[in-house]
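In what follows, a structure is listed as structure tokens, so that the remarks can point back to it.
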Amino acid sequence: MNDATSKPALPDHLSGNPRSPHHVEEIFEHDIGIRLNGKERFDVEEYCISEGWVKIPSPKALDRRGQPLMIKLKGAVEAFYR
């Protein structure tokens, strides 16, 4: 298949939250993978490759709007299409 040419380039900063200014809907039509320090993560909500961090939701803590609090993890970030 010639599917690789139709995929948009992955941005440096991407968020899964539709309310964020870093959310790009066209990218989420494809399956995306994130590696942090060589280990693939499946719970990443937001990432920035140039600054070297990812944000994951807290398992229990919620903010005042009922959304999970985000925990920032730092390291070498790599984004790719699966």
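None of the figures in this text is laboratory data; all of them are computed from the coordinates on show. Computed from a predicted model, the values in this text were never measured in an experiment. Using ideal geometry, Cβ is built from the backbone for each residue, glycine included, and neighbour counts are taken over all protein chains shown.
The residues on offer are 54, 77, and the sole one that is closer than 14 Å to residue 16 by Cα, surrounded by 11 or more Cβ atoms within 10 Å (Cβ to Cβ) and touching a Phe, Trp or Tyr at 6+ places or on another chain (Cβ under 6 Å) is 54.
If the condition is being assigned to a strand (DSSP E or B), out of contact with any Ser or Thr (no Cβ under 9 Å at 6 or more places or on another chain) and either closer than 20 Å to residue 34 by Cα or not basic (Lys, Arg) (or both), then the range 56-71 contributes 56, 57, 58, 59, 61, 62.
Conditions (1) aliphatic (A, V, I, L, M); (2) farther than 17 Å from residue 11 by Cβ; (3) touching a Phe, Trp or Tyr at 6+ places or on another chain (Cβ under 8 Å), marked per residue:
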site: 27; (1), (2), (3): yes, no, no
site: 32; (1), (2), (3): yes, no, yes
site: 39; (1), (2), (3): no, yes, no
site: 62; (1), (2), (3): yes, yes, no
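Considering the range 44-55, and only residues there that are closer than 20 Å to residue 7 by Cα and either in a strand (DSSP E or B) or in contact (Cβ under 8 Å) with a residue 60 or more places away in the chain (or both), the residue that is farthest from the chain's Cα centre (by Cα) turns out to be 48.
Of all residues in the range 32-43, those that are free of Cβ contacts under 8 Å to residues at least 12 places away in the same chain have Cβ atoms under 9 Å from Cβ atoms of residues that are in a strand (DSSP E or B), 6 or more apart or on another chain, in 40/33; 40/34; 42/33; 42/34.
Counting just the residues of the range 57-74 that are surrounded by 14 or more Cβ atoms within 10 Å (Cβ to Cβ) and not β-branched (Val, Ile, Thr), which one comes out farthest from the chain's Cα centre (by Cα)? So the residue we want is 68. The residues of the range 25-51 that are surrounded by 13 or more Cβ atoms within 10 Å (Cβ to Cβ) and over 18 Å from residue 73 (Cα atoms), listed by number, are 27, 30, 32.
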